[in-house]
Amino acid sequence: MSEKQQHEEAQALYAQGLWYSKQAEGERQDYLDKAIACLQKALELYSIHETPTEWGRAQNALGEIYGSLERGNRQLNLRRAIACYQASLEIFTREQAPGEWAQAQYGLGLAHLSLPGKDTRQSLEKALLYFQNALKVYTLQDYPLAWAMVNNSLGNLYCLLPNEDRYDTLKQAISCYENALKVYTRDRAPEHWAMTHQHLGNVYAFLPGGDRQTHLRRAIEHYRASLEINTYEHTPEHWGDIMHSLGNAYRNLPPGEGEGEEANLRQAIDCYSQALRVYTREAYPLEWASTQTNLGITYNLLPEGNEQERLEKAIQQFQYALDVYTLEEHPVEWAKTNNMLALTYLDMPDGNEQENLRQAIACFENTLRVYTREQFPIGWANVQSNLGQAYSRLESGDIQQHLHQAVSNFEAALTVYNRKAYAFDWARVQFSLGGAYGSLLEERQEHLQKAIACYRAALLVYNSEYTPLEWAATQTNLGTSYCHLQDEKPEVRQKHLEHAIASFEAALKIYQPELHPLDWQKTQSNLGFAYAELPNGDHQSNLYHAILHYEAALQVDFAQAAPIEWASLIFNLANAYREYQEGNRQKNLEMAIALYQATHKVYTPTTFPLEWAATQNNSGNTLRELQVGDIRANLQAAITCYENALQVFSALSMNTYALAVQENIASVQKTLQTL
């Protein structure tokens with residue numbers, strides 16, 4: 001074969017290879033394999049010394065095809081692409097062949113951008129250098145389409161480039177995409193225009209810092225622009241991707257922004273539902289599962305409507321996702337979805353609360369099969385904290401054992417959360433741990449001391465200025481723990497109760513009856529109890545303050561919402577009036593009797609026998625002292641009350657109490673005989 005024939009055959013093979021490489025119909029990867037074969041044969045016929053330009057162009061073309069080849073070993077294909085481009089640069093220089101040189105620089109950038117492996121940052125930095133080299137030739141004036149193409153790729157690179165200043169890096173990505181849109185217009189390059197708007201939407205959706213609402217609104221605008229070209233009819237896959245991303249943007253809009261939180265979340269649900277027209281479980285199982293998960297999250301966030309129905313829908317969506325996500329194949333997604341499912345069960349307002357708690361515990365424990373302390377320390381600690389919350393609310397089975405488990409979970413979380421690095425998480429878990437310790441019955445006093453230590457630790461983070469409600473709740477629980485802390489020495493008990501009063505009064509600086517009626521009422525009631533229990537000082541003055549706080553608590557109508565707490569408050573107020581010697585003593589006693597009788601709306605012999613018996617016994621004590629009206633009738637009523645109490649104490653084998661009541665009955669009967 002003559003040199004001319006050899007050159008002509010090489011040219012034909014080169015042309016055939018380019019033709020194969022541009023075929024989009026049918027099996028594109030087969031065409032790329034054929035293109036590679038043609039170009040490799042052409043390179044065997046070309047000579048780097050005699051036909052350097054043709055040889056270099058063939059190397060560039062072969063590099064481009066290897067960079068597009070997905071069949072086989074992707075990393076090997078990209079390494080071959082890099083070798084081809086580097087070979088072409090042995091021929092092409094920026095000064096003598098700027099177009100071909102820039103083409104090779106851009107190809108090298110794309111190959112390094114796509115190159116998988118451990119040295120991601122190094123590959124991206126190389127890609128950045130090659131793209132910047134390409135732009136030394138590709139200018140907006142001389143090569144507008146190539147300039148736009150490189151800017152688009154640079155935008156993609158900045159999105160992936162790890163950097164301490166993530167905001168600045170993503171802003172550079174936005175600048176590159178906006179550069180590309182100077183060339184890619186809706187009319188001249190609709191597909192590139194739509195793709196670049198989608199990229200911009202993605203960047204704004206994840207842009208940290210700044211005005212979150214503005215960023216998400218811009219993301220939505222770019223997604224909407226992309227949908228003008230990417231329609232369900234013409235590009236269903238792109239349309240589905242954008243609808244899913246649009247749902248995420250609407251879901252993440254800050255509460256109260258835009259058209260309102262409810263409207264934004266409803267928009268998100270509509271977008272996710274639309275995406276499911278494309279993402280079917282059969283064709284796109286992972287995308288389908290991801291969309292189901294996001295639907296579940298959104299139903300959780302909806303602020304209006306029937307909460308039980310919303311959360312039941314959320315549970316259904318998460319369970320759908322778990323039909324695809326398995327521990328074996330998708331462990332992280334499986335764990336995340338189990339965690340969200342557990343949180344939803346915790347929030348269920350209706351239904352069987354204890355069954356919901358057991359379901360939540362099972363899901364949290366599933367999550368911990370993947371979230372280990374070593375691999376996911378923060379996620380592990382968060383799940384441990386939530387498990388503690390679930391166990392501390394579990395009322396079936398061995399409640400004390402559940403509380404010990406809760407303590408173990410909270411203490412596990414605190415091995416990750418520390419005051420310096422995770423101050424608010426640390427304080428939140430300290431608060432919860434205090435609640436668990438405060439509910440343990442065995443070694444009661446020791447556990448109350450631990451509860452107090454936990455609440456005091458939380459107050460190292462919580463303050464009345466920046467976290468007022470958390471601070472007030474901690475002060476309230478701290479006061480309650482001090483109230484329950486007993487001591488044989490009156491002066492020590494006095495000190496505990498003074499601490500309790502100080503804590504309750506601190507909480508009332510935050511709790512206002514108009515804004516926080518139930519918390520205000522509970523704290524007033526606790527203050528009354530603390531004053532009534534004070535062993536030292538002016539007892540009548542203490543009772544006076546107790547009555548003031550109890551009656552303040554009754555300014556809030558909570559009898560229907562919390563009948564047991566209401567009855568306890570009424571009982572304590574009755575006791576305070578029975579002991580109060582100041583003012584009109586007989587009026588005080590009559591008030592006490594009326595209050596004891598009021599508790600019977602809640603305390604009955606069948607539902608709360610012990611509490612009912614206590615009110616009967618105390619009513620008897622009060623009637624014995626009552627000196628107004630028919631004294632004989634008062635004493636006979638006292639005996640009736642004592643006999644009622646005696647029946648319960650005897651049935652419960654509370655012999656000491658029963659003996660005391662019998663002595664009271666005998667004493668009243670003896671008094672009656674003297675009248």
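Coordinate-derived values only; no laboratory data. Quick caveat, the model's predicted, so the values are computed rather than measured. Counting neighbours? That spans all protein chains shown, and the Cβs are built from the backbone with ideal geometry, glycine included.
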Number of positions in the stretch 352-378 that are touching a residue at least 12 places away in the same chain (Cβ under 8 Å), assigned to a helix (DSSP H, G or I) and crowded, with 20+ Cβ neighbours inside 10 Å: 7
For the stretch 293-301, state whether one or more residues are farther than 29 Å from GLN375 by Cα, in contact (Cβ under 8 Å) with a residue 12 or more places away in the chain and not charged (D, E, K, R). yes
If you take the residues in the stretch 539-563 that are in a helix (DSSP H, G or I) and touching an Asp or Glu at 6+ places or on another chain (Cβ under 9 Å), which one is nearest to LYS601 (Cα to Cα)? ALA546
The stretch 311-341, subset of a type in the set (D, E, K, R) and assigned to a loop (DSSP other than H, G, I, E, B), residue surrounded by the most Cβ atoms within 10 Å (Cβ to Cβ): ASP323
Given the conditions (1) touching a helix residue (DSSP H, G or I) at 6+ places or on another chain (Cβ under 8 Å); (2) under 30 Å from LEU124 (Cα atoms); (3) acidic (Asp, Glu), and given that GLU9 satisfies all but one, which numbered condition is not satisfied? (2)
List the helices (runs of 4 or more DSSP H) that sit entirely inside the stretch 171-279 and contain at least 3 residues that are among the charged types (D, E, K, R). 212-227, 236-252, 261-275
Do we have ALA283 as small (Gly, Ala, Ser) and surrounded by fewer than 14 Cβ atoms within 10 Å (Cβ to Cβ) here? yes
Failed condition for ASN77, given (1) surrounded by fewer than 23 Cβ atoms within 10 Å (Cβ to Cβ); (2) in contact (Cβ under 8 Å) with a residue 24 or more places away in the chain; (3) assigned to a helix (DSSP H, G or I), with all others met? (2)
Just the residues that are among the polar types (S, T, N, Q), over 23 Å from THR467 (Cβ atoms) and assigned to a helix (DSSP H, G or I), please, taken from the stretch 385-408. GLN400, GLN401, GLN405, SER408
The residue that is farthest from HIS402 (Cα to Cα), considering only those in the stretch 438-466 that are free of Cβ contacts under 8 Å to residues at least 12 places away in the same chain and in a loop (DSSP other than H, G, I, E, B), is GLU465
What residue, of GLN267, GLN198, is under 18 Å from THR298 (Cβ atoms), touching a helix residue (DSSP H, G or I) at 6+ places or on another chain (Cβ under 6 Å) and surrounded by 14 or more Cβ atoms within 10 Å (Cβ to Cβ)? GLN267
